[in-house]
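All remarks here apply to the structure that follows.
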Amino acid sequence: MPFLRPRGNLVAETIALIDFGAGNLHSVHNALKAAGAEGVSVTSDPERVRKADRIVLPGVGAFGACRDALAAIDGMVSALEERALHAATPFLGICVGMQLLADKGIEFGEHDGLGWIGGTVKAMKPGSAAIKIPHMGWNDVIPTEGHDLLEAGEAYYLHGYHFEVADARDILAKTDHGGPLVSAVGRDNIVGVQFHPEKSQAYGLAFLKRFLEWKP
């Protein structure tokens, strides 16, 4: 059986990296392995998700297309809800994978999200011509409160839409691009990050290592 060797006691774990045709799977897979994971399963099988010890949901592209692709896999959304919402399985959403946690996204129409973290994903509106959209490149991660996974530093971002969170208590970190933007959200065993850990070099690998060792 594939396994993960975190610091401390040897623990056998499997990490389900969700393949719904809309994620940067190769880079995320390699980054998880570089952070210490050996049991990474790239999967579109809901039954494998139900058996996983940790779940990673990446996402690249338009909100609605990603939501539709995820919903098109029979049983996948219910498997994610079963594990993340009811079994308290550590869950990480990356970029659009984080945005899908919202109630809805407004991009080429209005689309329902998973509804795990209240809020709406909307287009970023620059305050001046000097602010470039999409927000692309290195920028700060500024934790709003103490959390096991989030540390201050710089990470790589690439997005033109942002998560307006309904309850400020669900915001774990912010960044600034012509004004404050949500960089990370979370509640209990669920965390989502707008930045790309797999593109964020040492900061991203350290973040993923903390996720692999996280015991919420």
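The values are calculated or read from the model by the stated rules, or taken from the named source; none is laboratory data. A quick note: this is a predicted structure, and the numbers were derived from the prediction, not measured. A quick note on method: Cβ atoms are made from the backbone with ideal geometry, for glycine too, and the neighbour counts reach across all protein chains shown. In case anyone asks, the SASA skips ligands and DNA or RNA and just uses the protein heavy atoms, side chains included. Shrake-Rupley method; radii C 1.70, N 1.55, O 1.52, S 1.80 Å.
Laid out as a table, the results:
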item: Per-residue ³J(HN,Hα) for region 44-56, Karplus 6.51 cos²θ - 1.76 cosθ + 1.60, θ = phi - 60°, Hz, x for Gly and Pro; result: 10, 9, x, 5, 5, 5, 5, 9, 6, 8, 9, 10, 10
item: Whole-number percent relative contact order across region 37-189, with pairs defined as alpha carbons under 8 Å at least 6 apart; result: 18
item: Cα-based reach from LYS215 at 13 Å (exclusive), listing aspartates and glutamates while leaving out same-chain residues under 8 positions away; result: GLU13, ASP53, ASP148, ASP188
item: Sequence ranges 171-183, 36-48, 118-130, ranked by mean other-Cβ count within 10 angstrom, highest first; result: 171-183, 36-48, 118-130
item: Relative contact order of region 161-216, pairs being alpha-carbon contacts under 8 Å that are 6 or more residues apart, as %; result: 20
item: Difference of contour (0.36 nm per residue) and Cα-Cα distance, ALA166 to ALA71; result: 31.8 nm
item: For region 6-114: relative contact order, % (alpha-carbon pairs under 8 angstrom, 6 or more apart); result: 27
item: Beta bridge orientation in the chain: antiparallel %, DSSP, nearest 5; result: 65
item: Global form of region 89-216, assessed from the alpha-carbon gyration tensor, a/c cut-off 1.5; result: oblate
item: Helix-only mean residue ellipticity at 222 nm for the chain, each DSSP H run of n ≥ 4 adding -39500 (n - 2.57), per residue, nearest 500; result: -6000 deg cm²/dmol
item: The chain, accessible surface, carbon-and-sulfur percent (1.4 angstrom probe); result: 51
item: Label of the coordinate-derived value, Rg and Dmax of the Cα atoms in Å, listed as [x] 17.5, 53; [y] 15.7, 46; [z] 16.1, 54; result: [z]
item: Listed pairs LYS132/LYS209; LYS132/LYS174; LYS122/LYS174 exceeding 23 Å between Cα atoms; result: LYS132/LYS209
item: Net charge contributed by nearby residues that have their C-beta within less than 14 Å of ILE106 (K/R +1, D/E -1); result: -1
